[in-house]
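The block underneath contains the structure these notes are about, expressed in structure tokens.
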Amino acid sequence: MAGIHGERLLMSDLEHMTGIGRSTIHYYIRKGLLSPPLRTGKTMAYYRDEHVRELRKIRRLIGRASCRER
């Protein structure tokens, strides 16, 4: 698995490292919550460690918001 020291990550790496599914990751990109990946083709994109950090932050913030709603 890539991702150490700024290496490129594939979507499957991102899913595995964060526990967040592909469709949710794409949703966050569309909504501007997650930085866009480096696209090398119509169906190929590379992610970096910063995407993992952003996704973990999004998950943390969503968790906090859901706790406040209870």
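The values are calculated or read from the model by the stated rules, or taken from the named source; none is laboratory data. Because the structure is a prediction, the values reported are computed rather than measured. In this analysis, Cβ positions are derived from the backbone assuming ideal geometry, glycine residues included, and neighbour counts consider all displayed protein chains. Surface areas here come from the heavy atoms of the whole protein model, side chains and all, with no ligands, DNA or RNA. Shrake-Rupley method; radii C 1.70, N 1.55, O 1.52, S 1.80 Å.
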Considering each of Leu55, Leu10 in turn, give the residue that is in contact with a helix residue (DSSP H, G or I) (Cβ under 7 Å, 6 or more places away or on another chain), of a type in the set (A, V, I, L, M), surrounded by 13 or more Cβ atoms within 10 Å (Cβ to Cβ) and at pLDDT 95 or above. Leu55
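Quick grid of which residues meet (1) modelled with pLDDT under 95; (2) open to solvent by less than 80 Å² (accessible area, probe 1.4 Å); (3) of a type in the set (Asp, Glu):
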{"site": "Arg22", "(1), (2), (3)": "no, no, no"}
{"site": "His26", "(1), (2), (3)": "no, yes, no"}
{"site": "Lys42", "(1), (2), (3)": "yes, no, no"}
{"site": "Tyr47", "(1), (2), (3)": "no, yes, no"}
{"site": "Arg60", "(1), (2), (3)": "yes, no, no"}
{"site": "Gly63", "(1), (2), (3)": "yes, yes, no"}
